[in-house]
Amino acid sequence: MVAVANTLRLLGTALGTLGGALVFVEFFQYPSYVQYSPEFQDYRLDASDAGIREHTWLGRIGGLCVSLGFALLFVATFLGR
């Protein structure tokens, strides 16, 4: 049972790390509603309700990996005792 708990603990840590990296990349993406004009050297916000995406699939998958990682660590804690 200890080997299973250690395997789950390692898998949970790996999933959490991967998910955290994906969420980190999500935070630094260039928003789809911001446009830069090099001719005038300014930014333009094109904020219509239909065109704004708050999150991409990269961030959603990252959040899912983080939550699965925490769940695996939680289960491994009870199996290891």
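The values are calculated or read from the model by the stated rules, or taken from the named source; none is laboratory data. These numbers were taken from a predicted model, which means no experiment stands behind them. So basically every Cβ, Gly included, is an ideal-geometry build from the backbone, and we count neighbours across all protein chains shown.
Tell me which residues, restricted to the stretch 40-73, are modelled with pLDDT of 95 or more and more than 17 Å from Gly20 (Cα to Cα).
Within the stretch 40-73, none qualify.
Would you point out the residue of the stretch 1-48, among those that are among the hydroxyl-bearing types (Ser, Thr, Tyr) and exposed (fewer than 10 other Cβ atoms within 10 Å of the Cβ), that is farthest from Leu79 (Cα to Cα)? Give the derivation first.
We begin by selecting, within the stretch 1-48, every residue among the hydroxyl-bearing types (Ser, Thr, Tyr); these are 7, 13, 17, 30, 32-33, 36-37, 43, 48.
Now narrow it down to the ones that are exposed (fewer than 10 other Cβ atoms within 10 Å of the Cβ): 30, 37, 43, 48.
On the way: Tyr30: 43, Ser37: 57, Tyr43: 54, Ser48: 50 Å.
Among residues in the stretch 1-48 that are among the hydroxyl-bearing types (Ser, Thr, Tyr) and exposed (fewer than 10 other Cβ atoms within 10 Å of the Cβ), the one farthest from Leu79 (Cα to Cα) is Ser37.
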